[in-house]
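Take a look at the structure set out below.
The values are calculated or read from the model by the stated rules, or taken from the named source; none is laboratory data. Just so it is clear, the model here is predicted, and its values are computed rather than measured. In this analysis, Cβ positions are derived from the backbone assuming ideal geometry, glycine residues included, and neighbour counts consider all displayed protein chains. Note: accessible area is taken over every heavy atom of the protein model, side chains too, but ligands, DNA and RNA are not part of it. Shrake-Rupley method; radii C 1.70, N 1.55, O 1.52, S 1.80 Å.
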2 protein chains.
Amino acid sequence: MTITAEQVRQLREQTGAGMMECKKALAEASGDVGKAIDLLRKAGIAKAENRSGRAAAEGLVEAYIHPGSRVGVLIELNCETDFVARTPEFGQLVRDLAMQAAAAGADYVRREEVPVERVAREREIFRAQLEGQNKPANILDKIVEGKLEKFYSEVCLLEQPFIKDDSITVRDLIQAASSKTGENVVLKRFVRYLLGQD
Amino acid sequence: MTITAEQVRQLREQTGAGMMECKKALAEASGDVGKAIDLLRKAGIAKAENRSGRAAAEGLVEAYIHPGSRVGVLIELNCETDFVARTPEFGQLVRDLAMQAAAAGADYVRREEVPVERVAREREIFRAQLEGQNKPANILDKIVEGKLEKFYSEVCLLEQPFIKDDSITVRDLIQAASSKTGENVVLKRFVRYLLGQD
């Protein structure tokens with residue numbers, strides 16, 4: 001079991017414990033940082049889990065509250081350097097994305113996040129809608145897949161048409177920022193609250 | 001199976017379908033509104049699930065972004081009437097709570113939300129810390145429970161000392177607003193993003 005310097009550094013940052021103590025805990029925990037934190041806490045060396053930890057990426061956390069305060073969005077947009085995060089263009093981009101999420105009401109960032117049960121349910125509904133139209137099975141499949149594509153473009157933020165220019169998608173908008181800055185720009189996550197709804 | 005007027009109203013609001021169609025769908029779905037929506041969609045009557053739906057409570061959705069935009073909080077505070085939600089005091093309360101959640105970094109609203117596995121893990125760590133002190137079991141239990149209380153007051157927003165006046169807890173602060181307005185004031189939910197961390 002080799003303990004890397006990166007693991008030791010990470011554990012030190014998260015616990016404030018000394019280097020040798022961190023190395024020992026990591027060896028005992030077979031390199032598992034979470035277990036090593038527990039070991040240091042049990043030994044009374046780390047006081048408590050440092051819940052703030054280290055920010056692993058650059059970017060901005062931004063919010064948008066729609067006038068009336070019944071709808072709000074919290075969003076995180078990542079890039080690679082603080083320099084890019086501090087540009088006015090990056091600030092504008094994350095504000096646009098927060099407003100998009102509030103206005104267009106997506107449920108997910110990307111289609112990979114849509115639960116399989118929800119996709120199955122949508123498929124079933126689309127099929128039922130087409131019943132009795134006597135279409136061949138292969139045509140039916142194509143129509144259902146087409147409807148599913150439309151569904152994704154409604155519930156996945158990256159696939160939605162951009163509210164300020166519907167000739168492009170949100171993904172295109174982010175891709176353009178990526179090209180312009182030369183950095184990987186990633187919409188990491190968002191959450192949308194609607195008053196009185198879970 | 002009796003279909004209530006309330007169920008019909010709810011279904012109409014969520015689908016835009018007519019009253020008789022809603023009654024029929026509810027009867028078929030044995031009163032299950034979710035199933036009734038699916039039935040209406042399959043019949044092509046409801047176009048798509050109305051994801052916005054109805055706000056079941058009054059209150060405000062508010063956000064706080066800490067200077068630097070590396071930490072942000074989205075929060076929902078409920079009350080009973082729009083009148084109370086629009087008062088400056090209620091607005092100040094929700095802004096204070098959002099700032100509290102950002103600064104003090106709670107993970108949960110109330111202790112009932114802390115996963116049992118996390119409580120078990122904390123207990124285990126507290127016990128290990130006390131090992132070798134040769135204390136009687138009943139004393140040991142009391143110390144562990146005391147440490148657990150402290151843990152709750154750190155991770156549960158309602159149990160934290162209020163950052164602007166640590167002689168009261170956040171729960172006291174909300175309770176005071178409740179007494180003053182004569183309405184049930186409930187901190188429904190919050191989420192906290194720290195840049196680069198899940």
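Per-structure values
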{"read-out": "Burial order of peptide ranges A:159-169, B:27-37, B:128-138 (average beta-carbon count within 10 Å, highest first)", "value": "B:27-37, A:159-169, B:128-138"}
{"read-out": "Dipole of the stretch B:153-198, positive direction: furthest Cα of B:Thr169, B:Val155, B:Gly182, with charges on the beta-carbon", "value": "B:Gly182"}
{"read-out": "Descending semi-axes in Å of the protein assembly as shown, equivalent ellipsoid built from Cα gyration tensor", "value": "42, 29, 24"}
{"read-out": "Cα centroid of the stretch B:75-98 to Cα centroid of the stretch B:119-159, whole Å", "value": "35 Å"}
{"read-out": "Heavy-atom accessible surface that A and B bury in contact, both chains counted, 1.4 Å, Å² to 100", "value": "4600 Å²"}
{"read-out": "The stretch A:77-193 - percent of accessible surface contributed by carbon and sulfur, probe 1.4 Å", "value": "53 percent"}
{"read-out": "Mean projected area (nm²) of the alpha-carbon convex hull when chain B is viewed from all directions", "value": "17.5 nm²"}
{"read-out": "Relative contact order computed over chain B (Cα-Cα under 8 Å; 6+ residues apart), in percent", "value": "21 percent"}
{"read-out": "Taking the stretch A:55-123 and dividing mean pair separation by its residue count, relative contact order in percent (alpha carbons under 8 Å, at least six apart)", "value": "30 percent"}
{"read-out": "Kirkwood Rh in Å, taken over all unlike Cα pairs in the stretch B:66-121", "value": "13.4 Å"}
{"read-out": "Mean-position separation - Cα centroids, the stretch A:7-36 and the stretch A:165-198, in angstrom", "value": "36 Å"}
{"read-out": "Bins of 5 Å, starting at 0 and running to the largest distance - Cα pair percent for the stretch A:125-179", "value": "5, 18, 20, 16, 11, 11, 11, 6, 2, 1"}
{"read-out": "A:Ile168 versus B:His66: modelled label distance in nm, points set 7 Å from Cα along the beta carbon direction", "value": "3.3 nm"}
{"read-out": "Per residue solvent-accessible surface (Å²) - chain B, probe of 1.4 Å", "value": "52 Å²"}
{"read-out": "Radius of gyration and Dmax over the Cα atoms of the stretch A:82-155, both given in Å", "value": "18.1, 59"}
{"read-out": "Which of A:Tyr108, A:His66, A:Leu40, positive extreme of dipole for chain A (C-beta unit charges)", "value": "A:Leu40"}
{"read-out": "Nonlocal Lys pairs with alpha-carbon distance under 26 Å, the stretch B:1-136 (8 or more apart, or different chains)", "value": "7"}
{"read-out": "Lys, Arg +1 and Asp, Glu -1 on Cβ, resulting dipole of the protein assembly as shown about Cα centre, debye, nearest 20", "value": "280 debye"}
